Every structure is written in structure tokens, then in C-alpha cells.
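Reading through the C-alpha cells given below for one structure.
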Amino acid sequence: MNLTCFKAYDIRGQLGSELNEDIAYAIGRAFALEIQPKTVVVGGDIRLTSEQLKLALARGLQDEGVDVIDIGMTGTEEIYFATKYLGVCGGVEVTASHNPMDYNGMKLVREDSKPISGDTGLRAIQALSEKIMAGKLPLDGEIVSAKSAPQNNGTASQDNARINSRQRGKYITKPLKTEYAKHMLEFINVANLKPLKLVVNSGNGAAGPALDVIEQQLKDAGVDIEFIKVHHKPNGNFPNGIPNPLLPECRADTANAVREHNADMGIAWDGDFDRCFLFDEHGEFIEGYYIVGLLAEAFLAQGNKEGSKGEGASSSGHPELDSGSKEKIIHDPRLSWNTIDLVEAAGGIAVMSKTGHAFIKERMRKENAIYGGEMSAHHYFRDFAYCDSGMIPWLLVAELLSVKGTSLSSMVKERISAFPSSGEINSKLADPKASIAKVLTAFKDDAIVFDQTDGISLEFAGGDGEWRFNLRSSNTEPVVRLNVESKGNIDLMNEKTKEILALLRN
Ligand SMILES: [Zn+2]
């Protein structure tokens, strides 16, 4: 039996054949067998099937003797938070993020919210789930309920001992939104926040209730932020469409509300709010690339004020004397010049990592990096167990707006003209490998830098100016993704983008 819902980083599938309660139950048992946890925390997004799938998953875990803590309707990062906060051995969020209505899925972590993906446990859980679904791994011994389980009184026979060891796990519910919200606010100095008007659009996903708790805590702290709430109420029927602000057609409601209410910033999330998207005070969508630079700057500015807070970092209090106190920022190779420029100007060290959450998190742990950002709107934080959050980014930007006393558009405009970029352009190609080779042949001789961290990255400094590009094939689709940027020359960037696309597509 082949379970096609197991992908490279997580579980995702069409409801019915690919993912159903039987499969969710099997995944629960397989998780228990592979990870051997004592306790696992579970949560689910607002999708209509999430609750039932979560409960089936919980039954599987319990049947293998694992205690389950259900934290209720959540975004993915609430599971990351809970796993670390409660000090448990694993966590599972039932979510399909921004996928179509008839999909659902799961994101799995082990202790300290470390990702369980392909070669770090997910393949093994898949193999065990497939065996369970095929009936090849029956629960050995009778399962007894926790209540009626015989106590081990020393006279138990071999069989009874086995029953004892197979005692069914307990199930409790434990909402943690208050603790979660409190942790979110620790990423900023709340006293810095000036009165702001913010448009927030949860797309009827999971973000609304989490935001309400953050709003209340800000109010209690005497902060005057007015939230204009768009599509705020969670609704698994998604009456306003599946929330995926990466799609231009999903942006209008946020942009319009910003203009209508004269807001300082717009914020929109996807269904499980692990990705957040920002709009400036004119309602203009800000490319994720420039947000990475903004957040890097925000963190490095905090570090300079307060000294390093990192677990492994050391600081003499004199950054110029102590190179070890330089904070590291991880970025992906697709677009990087703006990030590197800002990080170096702020006294930090920029480190490039392969794209993808598992790679970024691993690299951040290795480098003790304070922050990592991908242009795809995933932002990772050391003090958040190196996990991605869709709440911390906008809080940091709100603080930056307050401290700098300037508008979001003016903060970003300068950076966009200093490093104009094409944004990610996807091409569906019959033979991605051959097409990438063709582009490489055409440009390699003129390149001053050639890097293969992730796809191919080439840099140029010819007579027509400085520019670079990254070209990589998708792990999940038959497409190649192109990103081009230049130093201060938008015409050059556009011209080179056209040139590469023509080579690729012809
Ligand atoms: Zn998501």
C-alpha cells in the first residue's frame, strides 16, 4: 500500500483516497512507533475535516500508549510553540494551509519543535503507516483503557505485563493561546509601540482567534493599536476563498481596506498563518524579499541596543572588540543582495542556505542564527525554537514603524530601487535540466561568481552594470523558478530577465 499523502516535508493529500480517518489513525500509531514519545501535542486548523482527522490521529497515538494534549483550533506555529513550551516529545498540526477545499494534511515535529521531514523521520513514519494500513502491524496485546488497566502488582504473567506496557495513552485538552500570545509579544519591546492603525486579514483561517488574544494583551499593556479586521471569523467553508495572499487575486480585500481606513499597514495570512504578507500604507503589496531585509535590520537593531540574547552567543558589550557577538542572519539564495547589504550595514553576518524550511532551520541551529528569512514569506526565529511564525514578523515591523517614525512605503521604496528584482517567475518546461544547462552555458563565461548551493546562482559585473540571477527547479512541480536582481538598475534587471526567459522557453 502506497500512501501518496507523504510529501518531502509534510503530509498533504486529497480527502478520501489520499487522506482519511483510517490513514490519520495509522499515522498516529506510526508516529508513536517511530518517535517513541511519551506525550504528543496536537492541534488542527479551521478546515471542516481537521477536527475529525486530529481525533483519529490522537486515537492512533493513544493506542500505542502515548498521552495526547489537544490544544484545539490552531495555526501551525501554535503547535511549534506548545511542543517547546510544554517540553513534550512531539507535535502534530492538522492543516492543509492554502491548499484546495478537498485537501488536508499534517505537519510533524519532534522534541524542541525540530522538523520531521523526509530523511529525519517522515519516510520511516510513512513506511510504518503503510504497513499498518495493510494490516501487517496489528497492535500486539490487548488494549486496555487507562481507567481499567490492571496495576502491575508483581504477579502479572508475561502476557499481563505486555498489556500493562500497552496501557492506552490519556487524552486531555489544554488551550494555550494566552501563553502563546505572551511569547509573541516578547519579540518586541511593547513600550516602543506608537498608536497605529492596522488592517488584518485572516482569510477566515486560523489567525483570527490568535490575533484577538494578542490584541487584548496589547490593550492591557496600554498600547493603542487599532485593528481593522477583514474576514476575521474562522470559517472552514472559506466564503471568501482559500486564504493564499501570494496569489494577486487574494490581495484586493486587504489593499482596499488599507486605503479605505487610511491604515499604516495591512497584514494578510494564509490558512494556518505560518506565512504573513504585508501591505504598505498605500495598500501596495510588498515583495517577500524586501521583508527579509526589514526583519534582519529590526533584529540587528535590537541586538545593538540590548546585547545578544542568544543561548550560545557571547558578547563583551563591545561589538567592535568581539567578533563572536555578531549576530547571524540566514537567507535563501534566490534573491540576496538587499539582505546581505542591510545585514552587513547593521553589523551582522549574512549566511546563505538552501531553500526550504528543513534546511533553513538546520542551518540556523548550526550557526546560532537569530533570524532566517525566505522570500516565500517564511520567517524563522531563534527564540521561537528556530521555527517559522506569521505573527512575529508584523509585530517587528510595527515596532520598526513606531521607532523610526516613518512609513512602511518609504522604508521599503529605497531598498527596492537599490536592488530591483524580478520576483519569482515560474516556467513549466518539458526538460528542466536541459533548459537550466542551456542558460548556464550561455552565461557562465561572463560570471564572476558561480554558486550551486541551490540550483545555479551567477553574478556579473560587466560594463552594463552589476546583476545576478538564481535558477532552480522545483522539488514538487515540473517547473523552474527564476529570480533576477541588479544593483540599482531596473532596466538591466528587466532586460536580463527577458533574455534568460527567452533561452529557457524557446
Ligand atoms: Zn501555511
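The values are calculated or read from the model by the stated rules, or taken from the named source; none is laboratory data. Just so it is clear, the structure is predicted and the values come from calculations on it, not from any experiment. Using ideal geometry, Cβ is built from the backbone for each residue, glycine included, and neighbour counts are taken over all protein chains shown.
Selection of region 239-256 for residues being over 22 Å from Thr406 (Cβ atoms) and either within 14 Å of the ligand (Cβ to nearest atom) or among the small types (Gly, Ala, Ser) (or both) yields Gly241, Ile242, Pro243, Asn244, Pro245, Leu246, Leu247, Cys250, Ala252. Tallying residues that are under 14 Å from Ser486 (Cβ atoms) and in contact with a helix residue (DSSP H, G or I) (Cβ under 7 Å, 6 or more places away or on another chain) within region 437-463 yields 3. With respect to being within 16 Å of the ligand (Cβ to nearest atom), in a strand (DSSP E or B) and either of a type in the set (Ser, Thr, Tyr) or modelled with pLDDT of 95 or more (or both), Ala210 falls outside the description.
Yes or no, residue by residue, for (1) within 16 Å of the ligand (Cβ to nearest atom); (2) among the aromatic types (Phe, Trp, Tyr); (3) under 24 Å from Gly91 (Cβ atoms):
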residue	(1), (2), (3)
Gly372	no, no, yes
Arg382	no, no, yes
Tyr386	no, yes, yes
Ser389	yes, no, yes
Ile392	yes, no, yes
Ser402	no, no, no
Ser421	no, no, no
Val439	no, no, no
Phe450	no, yes, no
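Residues in region 480-506 that are outside any helix (DSSP H, G or I) and surrounded by 14 or more Cβ atoms within 10 Å (Cβ to Cβ): Val480, Arg481, Leu482, Asn483, Val484, Glu485, Ser486, Lys487, Asn489. Checking each residue in region 214-233 for being buried (at least 19 other Cβ atoms within 10 Å of the Cβ) and part of a helix (DSSP H, G or I) picks out Ile214, Leu218.
Under the condition of being touching a residue at least 12 places away in the same chain (Cβ under 8 Å) and surrounded by fewer than 21 Cβ atoms within 10 Å (Cβ to Cβ), the residues counted in region 6-19 number 7. Please work out which residue is surrounded by the most Cβ atoms within 10 Å (Cβ to Cβ), limiting yourself to region 433-479 and to residues that are of a type in the set (A, V, I, L, M, F, W, C) and assigned to a loop (DSSP other than H, G, I, E, B). That would be Ala447. Within region 390-412, residues that are closer than 18 Å to Ala255 by Cα reach partners that are within 16 Å of the ligand (Cβ to nearest atom) with beta carbons closer than 6 Å, at six or more positions or on different chains, in the pairs Trp394/Ile267; Trp394/Cys276. Cβ separations smaller than 7 Å between residues 6+ apart or across chains give the following pairs from region 67-78 residues that are within 12 Å of the ligand (Cβ to nearest atom) to residues that are in a helix (DSSP H, G or I) and of a type outside the set (S, T, N, Q): Gly75/Ala207; Gly75/Ala210.
Taking first residues from region 262-280 that are not assigned by TED's automatic domain parsing to the domain that holds Gly372 and partners that are within 7 Å of the ligand (Cβ to nearest atom) and outside any loop (DSSP other than H, G, I, E, B), the Cβ contacts under 6 Å between residues at least 6 apart in sequence or on separate chains come to Asp272/Thr76; Asp274/Thr76. The set of residues in region 257-294 being of a type in the set (Gly, Ala, Ser) and within 16 Å of the ligand (Cβ to nearest atom) consists of Ala268, Gly271, Gly288.
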